[in-house]
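Scroll down for the structure; my scribbles are underneath it.
The values are calculated or read from the model by the stated rules, or taken from the named source; none is laboratory data. Predicted, not measured: the structure shown is a model, and the values here were computed from it. Positions of Cβ are generated from backbone atoms using ideal geometry, with glycine treated the same way; all protein chains shown enter the neighbour counts.
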Amino acid sequence: MSGRLVLVLLLCLYLTVGSVQGQGSSQDAFIIQYLERRLSQMEDRLNQCEQKTVSVTQKTYDLSSEIRGYLSTLSVLRSEVRNQVDSVSVRVERVERELEYLENKIPPQTDIEIEGALLEQQIQAAELDQLQKKAKIIVANDCRTALSQIKSLKIVKKAGDTYGSWFKDPTEGSAKVYLLSGIRNNTVLEYVSLHSFTERTTTPPVKVVQLPSDWQGTGQVVYNGFLYYHKADTPNQILKVDLLNGTVVDSTLLPGAGRLPVYSLNPNTYLDLAVDELGLWVIHADPEYGGNLVITKLDKASLAVEYNWDTQCRSRDAEGAFLICGTLYVVYNTRYGGRSTIQCLYDIHDTIHSEESPVMFFPKRYTSHSSIHYHPVEKQLYAWDDGYQTIYKVETRRNDQVTAE
């Protein structure tokens, strides 16, 4: 269309020019030049208009394609929503049927009240039973012994890894010595006596006991011929193994234990078992109690929990602990190694208080302990001191004497 218009305009221009030339007027020549410029401007504007028309047409086409895509997507979403609504409807119908079934099965309100009262009676009976067990533990023995001094140090031998534990069976009449090297192993070395342990060539030869599973940490004990230890790869399982044949005779899970190391300076030990005049104990740290230590009394036969005591002794900077007559003594040190000290104690009888007791120092040896076990008959501590098996002689007094001082 613009081409035809240009031809018409040129024809008119030609005729006009011919007429003007015939007249030979200078004024008419100026008018012709002006018309030429205006025609050129009009042609440029027409070209721009045509380009914009093409651009708008293309944008309209693109917008139409995009809208068609959105419509297709909305159609798919509408189908999915319809399917989900149908699924929810089916579930609602199922829930309604289950609620109707439960309504028919729920007992009357009076039965619920009776069951609630019975449950409350059972809780009260359980609490009373726990208090009776606690009282029984406290008065079971005339155990009024308290630690007053760590007298001397004897280095017995150097054997095994840097970390480990060694001890004697505290059962009266037993002289056997046991060595458990490392923080994870399944081999126990049994010696007939301390003399046999110290000899270069043992006679009779050492007995090797293979356990059914690895132990974790250095908190094992032997009591009356049975080994008690924390089973590796479990948070809080304790095994009781008969050392005559290496078989598991019982096990238990200690509630709330095993969530953090019992001593911050022995990060691989999560459960530390101990024996004193009152029997078998477990020491562990409770994160819900500020990381402080908790002591649990176990029945040595059934491994049933008899009672728990929350202590004020912190696990931070602790390297070990032991019990004497139901009193927990916690040993502290530094992460660089140093002179070990007892800075906190907890007495289940409530006759000795930590703030009234002086700090007790171990004999000078600037290393650290990976395990400390008390022997209630010999009144000695069996410690694993940086790979050395050591014995500490301890001095004890009656509780009333300690309090009086």
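So VAL177 ticks every box in (1) surrounded by 14 or more Cβ atoms within 10 Å (Cβ to Cβ); (2) within 25 Å of GLU395 (Cβ to Cβ); (3) among the β-branched types (Val, Ile, Thr); (4) at pLDDT below 95 but one. Which box is left unticked? The failed condition is (4).
Restricting to segment 237-260, name every residue that is assigned to a loop (DSSP other than H, G, I, E, B), touching a residue at least 12 places away in the same chain (Cβ under 8 Å) and surrounded by fewer than 17 Cβ atoms within 10 Å (Cβ to Cβ). Outline the logic, then answer.
Initially, segment 237-260 is screened for residues assigned to a loop (DSSP other than H, G, I, E, B), giving 243-246, 254-260.
Cutting the leftovers down to touching a residue at least 12 places away in the same chain (Cβ under 8 Å) gives us 243-244, 246, 254-260.
Of everything in segment 237-260, those that are assigned to a loop (DSSP other than H, G, I, E, B), touching a residue at least 12 places away in the same chain (Cβ under 8 Å) and surrounded by fewer than 17 Cβ atoms within 10 Å (Cβ to Cβ) turn out to be LEU244, GLY246, PRO255, GLY256, ARG259, LEU260.
If you check THR234 against the conditions, is it assigned by TED's automatic domain parsing to the domain that holds THR269, in contact (Cβ under 8 Å) with a residue 60 or more places away in the chain, over 17 Å from LYS297 (Cα atoms) and surrounded by 12 or more Cβ atoms within 10 Å (Cβ to Cβ)? Walk me through how you get there before you give the answer.
Values: assigned by TED's automatic domain parsing to the domain that holds THR269: yes; in contact (Cβ under 8 Å) with a residue 60 or more places away in the chain: no; over 17 Å from LYS297 (Cα atoms): yes; surrounded by 12 or more Cβ atoms within 10 Å (Cβ to Cβ): yes.
Here the answer is no, as THR234 does not meet what is asked.
Within the bounds of segment 307-315, is there any residue that is at pLDDT below 90 and either of a type in the set (Phe, Trp, Tyr) or over 19 Å from LYS158 (Cα atoms) (or both)? No, segment 307-315 has no match at all. Within segment 194-236, the set of residues being closer than 14 Å to VAL248 by Cβ and in a strand (DSSP E or B) comprises VAL209, GLN210, TRP215, PHE226, LEU227, TYR228, TYR229, HIS230, LYS231.
Please tell me if ALA285 is within 19 Å of ASP350 (Cα to Cα), in the same structural domain as LYS379 (by TED's automatic domain parsing) and either charged (D, E, K, R) or free of Cβ contacts under 8 Å to residues at least 60 places away in the same chain (or both). So ALA285 fails the test.
Filtered by the rule that a residue be assigned to a loop (DSSP other than H, G, I, E, B), out of contact with any Ser or Thr (no Cβ under 9 Å at 6 or more places or on another chain) and either hydroxyl-bearing (Ser, Thr, Tyr) or within 22 Å of GLY225 (Cβ to Cβ) (or both), segment 261-292 gives TYR270, LEU271, LEU278.
Considered as a group, the residues in segment 164-193 that are within 26 Å of VAL282 (Cα to Cα), aliphatic (A, V, I, L, M) and outside any strand (DSSP E or B) include one that is nearest to the chain's Cα centre (by Cα), and that residue is ILE183. A count restricted to segment 180-217 and to residues that are among the acidic types (Asp, Glu) and surrounded by 14 or more Cβ atoms within 10 Å (Cβ to Cβ) stands at 2. The test for being under 22 Å from LEU381 (Cβ atoms) and surrounded by fewer than 16 Cβ atoms within 10 Å (Cβ to Cβ) holds for ASN224.
Restricting attention to segment 312-348 and to residues that are farther than 20 Å from ALA257 by Cβ and among the acidic types (Asp, Glu), the residue that is nearest to the chain's Cα centre (by Cα) turns out to be ASP317.
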